[in-house]
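The values are calculated or read from the model by the stated rules, or taken from the named source; none is laboratory data. All values reported here derive from a predicted model rather than from experimental measurement. Cβ: placed from backbone, ideal geometry, glycine included. Neighbour counts: every protein chain shown. The accessibility values were calculated without ligands, DNA or RNA, using every heavy atom of the protein model including side chains. Shrake-Rupley method; radii C 1.70, N 1.55, O 1.52, S 1.80 Å.
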Amino acid sequence: MSPRNPNAEPKPFVWIPLPKDPPQRSQPTTHERFSGLTGKLELTFTVVSEYLFVGSGAYEFDPNHNNQRPDVWYTFYRRNGQIWVPGTSIKGAIRAIVEAISNSCVSQFRPNKGERVPPSHQPCRRSNELCPACRLFGMTGLRGRVHFSDAFPEGQVRLQIVKIGELWEPSSYSGRKFYEVKRAPQIADRRPQRNFRFVEAVPKGTRFRATLHLENLSEAEVGLIAYALGWDVEREGAVLAFSPKLGGAKPRCFGAVEFEPVCAVWWRPREGSKLPVPMRQDQRPLLSLLCRCMEAARAQRLLHESSWKSLVKNMRPQETSCPREVY
Ligand SMILES: [Zn+2]
């Protein structure tokens, strides 16, 4: 079977076009001086698609499957027997969204797979001329100012071994690729089958806890991250605009999550002292700070309005089903 199936189902991804204007590149903010917002945001994220799968590439197998049940399956990331989502994986997903909504460079693409990026949006190379995303997340030789801790699930986790069609990559390239939020097809037949694989996944409703560490961010930069986490401001209140996607099997419509801020701890300068002190902020004041930050990102045009609109429109959950087989 080839990926060029004439009866192909609708593709589960969209291309967000690159803006004509080049990224606004400038000097990075340094770590030396203590300025702006520094601290950590406690977050939860809840799986809102049928499943989330974050695998390390490791697998397990059942030698007595008798062709009736899964033979080999890819396992979820585990540490000391507990599943977890690596912070680097969350950061990668959020960075890709920040790049799209701030007209930044395209940091990840594969020229050997025919993916082309125009010169204007090639990865930043000079450390004193960085696009908004590279200023926040860093580049080779420059440490970023945004980090995610590893995320662990809250409460009991019901892991399931789910059968999915093999994953095909799109063969052409025109902008930034984002997977849509559609229903994942349920495959009742549990037998091993050619062009299908099994993955160990957590179902809808599973909630994880993570920490987002921020160093010396301007309010507009915090606002940009907030938009990338799927939030927006409406009538001066924070609302959910879309569900970012994490982990693997995105072409099978896995991985949509809803982020929620819980509380924050900010390091603030204190009168008469050189050392900053930690200040805890509960959810309500945190939400108003985030709204102010998002408004600043919009006002300072760090948020690229048309790219944001296009992303939100295309990531709206759809009633249609994700392709079951090749597309
Ligand atoms: Zn860049």
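Quick notes
- Mean Cβ count within 10 Å, highest first, over the residues of peptides 250-262, 175-187, 63-75: 250-262, 175-187, 63-75
- Unit charges on C-beta of K, R, D, E only; dipole of the range 195-304, Debye: 320 debye
- Where labels lie 7 Å past Cα in the beta-carbon direction, separation of Gln27 and Ser149 in nm: 3.4 nm
- Placing one equal scatterer on every Cα of the chain and applying the Debye formula, the log10 ratio I(q)/I(0) at q = 0.12, 0.14 Å⁻¹ is -0.88, -1.17.
- A Förster radius of 41 Å, combined with the Cβ-Cβ distance separating Ser321 from Glu271, puts the computed FRET efficiency at roughly 0.10.
- Under 5 Å, built H, 5+ apart or other chain: amide partners of Leu303: Arg298
- Rounded, prolate or oblate (a/c below 1.5 giving rounded, otherwise prolate when a/b exceeds b/c) for the range 159-222 by Cα gyration tensor: oblate
- Net +/- balance of residues flanking Phe148 in space, Cβ distance below 14 Å, scoring K and R +1, D and E -1: +2
- Positive-end residue, the range 199-263 charge dipole about Cα centroid, Cβ charges, pick of Ser243, Val262, Gly230: Ser243
- Hz values of 3J(HN,Hα) by residue in the range 204-221 - Karplus curve (6.51, -1.76, 1.60), Gly and Pro given as x: 3, x, 5, 10, 10, 10, 9, 10, 10, 9, 10, 10, 6, 9, 6, 4, 5, 5
- The chain - percent of accessible surface contributed by carbon and sulfur, probe 1.4 Å: 49 percent
- Each peptide among 112-118, 311-317, 95-101 gets the average number of other Cβ atoms lying within 10 Å of its residues, and from highest to lowest they stand as 95-101, 311-317, 112-118.
- Total charge dipole magnitude, the range 148-239, about the Cα centre, Cβ charges on Lys, Arg, Asp, Glu only, Debye to nearest 20: 860 debye
- Asp282 versus Arg301: modelled label distance in nm, points set 7 Å from Cα along the beta carbon direction: 4.1 nm
- Surrounding net charge for Pro119, when Lys and Arg each add one and Asp and Glu each subtract one, Cβ distance under 15 Å: +2
- Taking a straight Cα-Cα cut-off under 25 Å and skipping sequence neighbours fewer than 8 places away in the same chain, the lysines within cross-link reach of Lys91 are Lys40, Lys113, Lys177, Lys182, Lys204, Lys245, Lys250, Lys309, Lys313.
- Evaluated with a Cβ-only charge set (Lys, Arg +1; Asp, Glu -1), the range 63-127 carries a dipole of roughly 220 debye about its Cα centre, given to the nearest 20.
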